[in-house]
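Participant: Right, I'll just put the structure down here and ask away after.
The values are calculated or read from the model by the stated rules, or taken from the named source; none is laboratory data. What you are looking at is a predicted structure, and each value in this text was computed from that prediction instead of being measured. Glycine also receives a Cβ, built like all others from the backbone with ideal geometry; neighbour counts cover every protein chain displayed. When the accessible area is computed, the model is the full protein with side chains, heavy atoms only, and any ligands, DNA or RNA have been set aside. Shrake-Rupley method; radii C 1.70, N 1.55, O 1.52, S 1.80 Å.
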Amino acid sequence: VLDGLRVLDASDRALLAAFILGDTRHVDAATRADFRGAGLSHLLAVSGANVAFALALVEPVRRRLSVGGRVVLGSAVVMVFAAMTRFEPSVLRASVMAGVVMGAYAFGRPVQALRALAYAVVLLVLVDPFLVHSLGFALSVGATAGIAALSAPCARRVPGPMFLRQVVAVSIAAQVGVAPVLLLTGADLPWVSPAANLLAVPAAEPISVVALPAAFAGSAFQGVSSTALHLVALLLRWVRWVAAAGRARPMLIALIAAVVVAVGVAVERTVTSARWTPARDPTEP
């Protein structure tokens with residue numbers, strides 16, 4: 001995968017490696033500070049979304065298998081991806097959660113997200129008790145717990161179309177989940193995070209979806225994936241700008257996010273009113 005990213009310049013290559021593999025070794029300190037100051041550090045840490053994307057790549061094959069085959073293939077993909085990302089704590093949490101969910105479905109017992117998280121935490125701490133001292137593990141668990149418990153109630157109360165509500169609700173829920181950890185460790189809790197996530201996450205999701213298979217294919221067929229990776233780099237630069245502006249000029253990011261929400265609300269109301277037609281009075285000719 002890293003070999004397939006050679007078509008990009010050094011800064012884009014380093015940042016993209018962080019997005020898809022959690023490899024931040026070559027990301028410069030200023031960029032890391034920008035993402036941290038804007039509340040976008042989670043984009044540089046591989047976690048549940050990346051594991052889900054890896055599983056989505058093999059989903060067309062998985063759905064053609066038996067229940068047992070789905071579990072075996074899914075578990076193999078999760079293990080390979082976790083190894084690619086060097087078994088970072090956030091990836092371990094996401095991988096074990098994915099295993100718990102797949103195992104539960106195999107036995108016909110769907111499991112709720114909070115319960116799957118609890119099982120994953122217990123199993124991981126039993127295997128490696130030193131994880132309780134890992135800040136990355138604590139942040140990953142806190143963010144996941146916040147999203148599982150609070151994102152749906154938040155989405156019902158946030159105005160605007162569904163896709164905007166979901167992004168804002170997940171960001172707020174994750175911030176609430178990690179707040180105790182950040183406060184206890186003395187780290188900053190950037191207030192601009194929900195606005196920055198609203199602008200950055202819609203671009204970050206296709207980056208992860210497209211970049212991993214494109215980079216993998218690019219190691220053997222560089223010309224085929226070059227166009228896709230350069231398009232991904234454009235999205236990456238937008239996310240980088242949001243992070244830099246979120247840290248240096250948070251009011252600007254908040255203003256842009258407010259305009260996006262206002263436009264979304266206006267469009268939703270226009271579409272809703274256009275679909276609504278009053279009932280015809282049966283007494284009219």
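Participant: Test of understanding: among VAL111, VAL122, VAL96, which residue is open to solvent by 50 Å² or more (accessible area, probe 1.4 Å) and of a type in the set (Val, Ile, Thr)?
Facilitator: Of the residues listed, the single one that is open to solvent by 50 Å² or more (accessible area, probe 1.4 Å) and of a type in the set (Val, Ile, Thr) is VAL122.
Participant: Would you point out which residue out of ALA149, ALA220, ALA179, ALA215 is at pLDDT below 80 and either in contact with a Gly (Cβ under 9 Å, 6 or more places away or on another chain) or closer than 26 Å to ARG269 by Cβ (or both)?
Facilitator: The match here is ALA220.
Participant: Given the conditions (1) modelled with pLDDT under 80; (2) touching a helix residue (DSSP H, G or I) at 6+ places or on another chain (Cβ under 7 Å); (3) within 20 Å of GLY246 (Cβ to Cβ), report the number of the one that PRO159 does not fulfil.
Facilitator: (3)
Participant: If you don't mind, another one. With the requirement that a residue be open to solvent by less than 50 Å² (accessible area, probe 1.4 Å) and either over 16 Å from the mean Cα position of the chain (by Cα) or more than 16 Å from ILE207 (Cβ to Cβ) (or both), what does segment 49-63 give you?
Facilitator: Those that are open to solvent by less than 50 Å² (accessible area, probe 1.4 Å) and either over 16 Å from the mean Cα position of the chain (by Cα) or more than 16 Å from ILE207 (Cβ to Cβ) (or both): LEU55, VAL58, ARG62.
Participant: Here is a further query. For ILE147, all conditions in the list (1) free of Cβ contacts under 8 Å to residues at least 60 places away in the same chain; (2) open to solvent by 20 Å² or more (accessible area, probe 1.4 Å); (3) touching a Ser or Thr at 6+ places or on another chain (Cβ under 6 Å) hold save one; what is the number of the exception?
Facilitator: Exception for ILE147: condition (3).
Participant: Moving on. Output yes when any residue across segment 224-237 is open to solvent by 40 Å² or more (accessible area, probe 1.4 Å), among the basic types (Lys, Arg) and modelled with pLDDT of 90 or more, and no when none is.
Facilitator: Yes, there is a match, as at least one residue in segment 224-237 is open to solvent by 40 Å² or more (accessible area, probe 1.4 Å), among the basic types (Lys, Arg) and modelled with pLDDT of 90 or more.
Participant: Same structure, new question: Does VAL91 qualify as being within 19 Å of the chain's Cα centre (by Cα), surrounded by 13 or more Cβ atoms within 10 Å (Cβ to Cβ) and either charged (D, E, K, R) or more than 21 Å from ALA148 (Cα to Cα) (or both)?
Facilitator: Considered against the rule, which asks whether it is within 19 Å of the chain's Cα centre (by Cα), surrounded by 13 or more Cβ atoms within 10 Å (Cβ to Cβ) and either charged (D, E, K, R) or more than 21 Å from ALA148 (Cα to Cα) (or both), VAL91 comes out as no.
Participant: Within segment 170-182, does at least one residue satisfy the condition of being among the polar types (S, T, N, Q) and without any contact (Cβ under 8 Å) to a residue 24 or more places away in the chain?
Facilitator: First pass over segment 170-182, keeping only residues among the polar types (S, T, N, Q): 171, 175.
Narrowing further to those that are without any contact (Cβ under 8 Å) to a residue 24 or more places away in the chain: none.
No, every residue in segment 170-182 fails to be among the polar types (S, T, N, Q) and without any contact (Cβ under 8 Å) to a residue 24 or more places away in the chain.
Condition check ((1) touching a residue at least 40 places away in the same chain (Cβ under 8 Å); (2) within 19 Å of VAL51 (Cα to Cα); (3) touching a helix residue (DSSP H, G or I) at 6+ places or on another chain (Cβ under 8 Å)) across all residues:
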site: MET97; (1), (2), (3): yes, yes, yes
site: VAL111; (1), (2), (3): no, yes, yes
site: LEU124; (1), (2), (3): no, yes, yes
site: LEU199; (1), (2), (3): yes, no, yes
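Participant: Look through segment 173-209, keep the residues that are part of a helix (DSSP H, G or I) and open to solvent by 60 Å² or more (accessible area, probe 1.4 Å), and return whichever of them is farthest from LEU150 (Cα to Cα).
Facilitator: VAL209
Participant: Please count how many residues of segment 1-14 are surrounded by 16 or more Cβ atoms within 10 Å (Cβ to Cβ) and either at pLDDT 90 or above or part of a loop (DSSP other than H, G, I, E, B) (or both).
Facilitator: Qualifying residue count for the region: 2.
Participant: Also, quick follow-up: Residue check: is ARG156 open to solvent by 70 Å² or more (accessible area, probe 1.4 Å) and among the basic types (Lys, Arg)?
Facilitator: Criteria met by ARG156.
Each row is one residue, and each column tells you yes or no for (1) open to solvent by less than 80 Å² (accessible area, probe 1.4 Å); (2) at pLDDT 75 or above.
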position	(1), (2)
ALA245	yes, yes
ARG249	no, yes
ALA258	yes, yes
GLY264	yes, yes
THR272	no, no
ARG275	no, no
ARG280	no, no
GLU284	no, no
